[in-house]
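The values are calculated or read from the model by the stated rules, or taken from the named source; none is laboratory data. From a predicted model like this one, the values you see are computed outputs, not experimental measurements. Every residue, glycine as well, gets a Cβ built from its backbone with ideal geometry; the counts of neighbours run over all protein chains shown.
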């Protein structure tokens, strides 16, 4: 099955997502030269939609306990991701000891652990970059060092996240959205950092099969710049 056909098949699912948990803020900054630390605080304690984890979920995610998930080839604008997990069943107080997996595509829109098929022609089945697992600290936060994700046909720029409790029971699978203007800016001005696809055919959040039903509760706060690196922050509430 081609990737775009798989994604089209998700449209009915995305139209009525199972609401499980999360809080986030919007107003992402553009790719300017004014960098600052990305922080976000949730005061609404509202739920984040559950989303599909496919078609490229991490295989044996417990094998990739690490905070630096970059390829190591220097391609891509650096980005620090801070995810805070809070408990919807505890007035959204932060949740320590939660397990957080993330994964996303590279600057070309490809995923490690997959490839050599119509869904993804480039074969990266033996590689495991841009995938990682961390456990939330006493403040309910995890930090990853990665790159600003690329994009691929039928999808807006995004990061996948899967949250488990301390015992490994799944609490939520969701996706993190990015401001459209920021993504257009990165892919227009970021050729020096490996973003050479341009924006022809780029899918905006409102037209994305996953985000088209609404993405405000999944939209991250992103600050920084191509030259100095980006900082992403989002708070995700789970029913723990």
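Observations on the model:
- Residue check, residue 107 surrounded by fewer than 21 Cβ atoms within 10 Å (Cβ to Cβ), within 17 Å of residue 157 (Cβ to Cβ) and at pLDDT 90 or above: no
- Only one entry in 117, 166, 125 is farther than 16 Å from residue 83 by Cβ and touching a residue at least 24 places away in the same chain (Cβ under 8 Å), namely 166.
- Residue list for the stretch 213-239, restricted to those being crowded, with 23+ Cβ neighbours inside 10 Å and at positive phi: 224
- The lone criterion from (1) within 19 Å of residue 49 (Cα to Cα); (2) touching a strand residue (DSSP E or B) at 6+ places or on another chain (Cβ under 9 Å) left unmet by residue 113 is number (1).
- Within the stretch 151-181, considering residues that are under 11 Å from the mean Cα position of the chain (by Cα) and not in a strand (DSSP E or B), the one nearest to residue 213 (Cα to Cα): 156
- Selected residue [farther than 30 Å from residue 98 by Cα and surrounded by 23 or more Cβ atoms within 10 Å (Cβ to Cβ)] from 195, 202: 195
- Of all residues making up the stretch 142-163, the number that are touching a strand residue (DSSP E or B) at 6+ places or on another chain (Cβ under 7 Å) and either surrounded by fewer than 22 Cβ atoms within 10 Å (Cβ to Cβ) or closer than 17 Å to residue 70 by Cα (or both): 13
- As a summary of the residue check, residue 38 satisfies the conditions (1) out of contact with any helix residue (DSSP H, G or I) (no Cβ under 7 Å at 6 or more places or on another chain); (2) surrounded by 15 or more Cβ atoms within 10 Å (Cβ to Cβ); (3) modelled with pLDDT of 50 or more except for the one numbered (3).
- Taking the stretch 119-141 as the range and being modelled with pLDDT of 95 or more and out of contact with any strand residue (DSSP E or B) (no Cβ under 7 Å at 6 or more places or on another chain) as the test, the residues that pass are 120, 121, 122, 123, 124, 125, 126, 127, 128, 129, 137, 138.
- All conditions but one from (1) in contact with a helix residue (DSSP H, G or I) (Cβ under 9 Å, 6 or more places away or on another chain); (2) at positive phi; (3) at pLDDT below 95 apply to residue 168; the one that does not is (3).
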